[in-house]
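Trainee: Handing you a structure now.
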């Protein structure tokens, strides 16, 4: 793997310093670096030794170290140890690719590291780095010695019930509708159950949650109909999606693809993005 040592910085104060290790060229990690760059200075290197040399050369003290793993145990704990010694206060985050998903493929977790899968990255990164920079409660702001109990307490913290408007939930399963509807109502939204393909909306929905139950061709057809006939913002919920499946949903018009099981904060982060785009269009 070629050395990817690079630096992106505009020198502005009040931003985070971040070190990224690993191969960012793989398609599942597309946009990972850009998401980091929204919050501060990013330097990147192919491996730990190059990363340490880069930190020394730049006199950089990182707030966050992101280690990109394409396959299980690509980086061992012994390889990461020198980075921990060089940046003992930095939060260690493992960005895991598709080959690291599944009970037998996650590899050996590093003590004190936050693990984020590739399909969770954009929402996690935006939310947690924003909280970290603002000094708010964040899993990423916990010290490296924080245990699982402390991380769970932060995840269980309060949220803003600031949603508004109708969410159409397109699913074949009533129990899943009830679960999603309850979550939406807790955040201030109303919810309506639609069963594909016969119960598609007659009016103009603001946002649609679309449950992908493994009937790919049929689901793609329904998704295209939702986009072409109603121009709805559609968030697809998919089981264990791969890059090619995610790309098919996006090409058919999905606003985002969220993997099940998911964190509510991840799902409602996408709600917030849809609302921000709606307000931006309205202001034009």
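Throughout, read-outs are computed from the coordinates displayed, never taken from laboratory work. Everything numeric in this text was worked out from a predicted model, so none of it was measured. For neighbour counting, all protein chains shown are included, and Cβ atoms are generated from backbone atoms with ideal geometry for every residue, glycine included.
Trainee: For residue 276 and residue 224, what does the FRET efficiency come to when R0 = 25 Å and r is the distance between their Cβ atoms, rounded to the nearest 0.05?
Mentor: 0.50
Trainee: While we're here: In percent, how large is the relative contact order of the stretch 166-283, given Cα pairs closer than 8 Å and 6 or more residues apart?
Mentor: 21 percent
Trainee: Turning to a different aspect of this structure: Which whole-percent values make up P(r) of the stretch 166-283 when all C-alpha to C-alpha distances are grouped in 10 Å steps starting at zero?
Mentor: Answer for the stretch 166-283: a P(r) of 14, 51, 33, 3 percent.
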